[in-house]
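Report on the structure given below.
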Amino acid sequence: MASHPLQDHALPTTARLPRDATAWQSALDQALTAHGGPNALALYPHVAFAFPSTSPNPYTREYPLLDYRELKEWAISRGWRVRPAPERAPEGEKYSPPVRFTRLPNRYH
């Protein structure tokens, strides 16, 4: 969910939401559903707010660490595979790269 597309397959920004994981998950789900393409990118902080780790983020206090295990389970249940996209990270943000969503083939969901 980028403020402007990283490419034509980036997810749009949703309205600013409170730091409520359920609200962020719902917004992410809606953006992926509306997206319709086979690949999408979401900014790390947006996904981290949706799936926060219980561990503190040693790199910033602005957003939590991302719980990839919980995110992967959630994404697979909705027909997506997730992976970090370090090649798309802005300079200086190698520890919080965007997250790539790739649609799974229909036979997997």
Using the reciprocal of the averaged 1/r over all distinct C-alpha pairs, how large is the Kirkwood radius of region 64-109 in Å? 11.5
Given the protein chains as shown and a 1.4 Å probe, how many square angstrom of ASP29 are accessible, to the nearest 10? 50
Among the GluC sites (Glu not before Pro) within region 57-109, which fall in a DSSP loop and have no more than 12 other Cβ atoms within 10 Å of their own Cβ? GLU62, GLU91
Distance in nm between pseudo-label sites at ASN106 and GLU73 (7 Å out along the Cβ direction from Cα): 2.9
FRET efficiency, THR22 to GLU91 (Cβ-Cβ, R0 35 Å, nearest 0.05): 0.60
Would region 40-97 count as rounded, prolate or oblate if I go by the C-alpha gyration tensor, calling it rounded below 1.5 in a/c and otherwise prolate when a/b exceeds b/c, oblate otherwise? oblate
Taking K and R as +1 and D and E as -1, what net charge do the other residues with C-beta under 10 Å from the C-beta of THR102 add up to? +4
How large is the accessible surface of TYR68 in square angstrom, using a 1.4 angstrom probe and rounding to the nearest 10? 60
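The values are calculated or read from the model by the stated rules, or taken from the named source; none is laboratory data. Just so it is clear, the structure is predicted and the values come from calculations on it, not from any experiment. Neighbour counts run over all protein chains shown; Cβ positions are idealised from the backbone, glycine included. Surface areas here come from the heavy atoms of the whole protein model, side chains and all, with no ligands, DNA or RNA. Shrake-Rupley method; radii C 1.70, N 1.55, O 1.52, S 1.80 Å.
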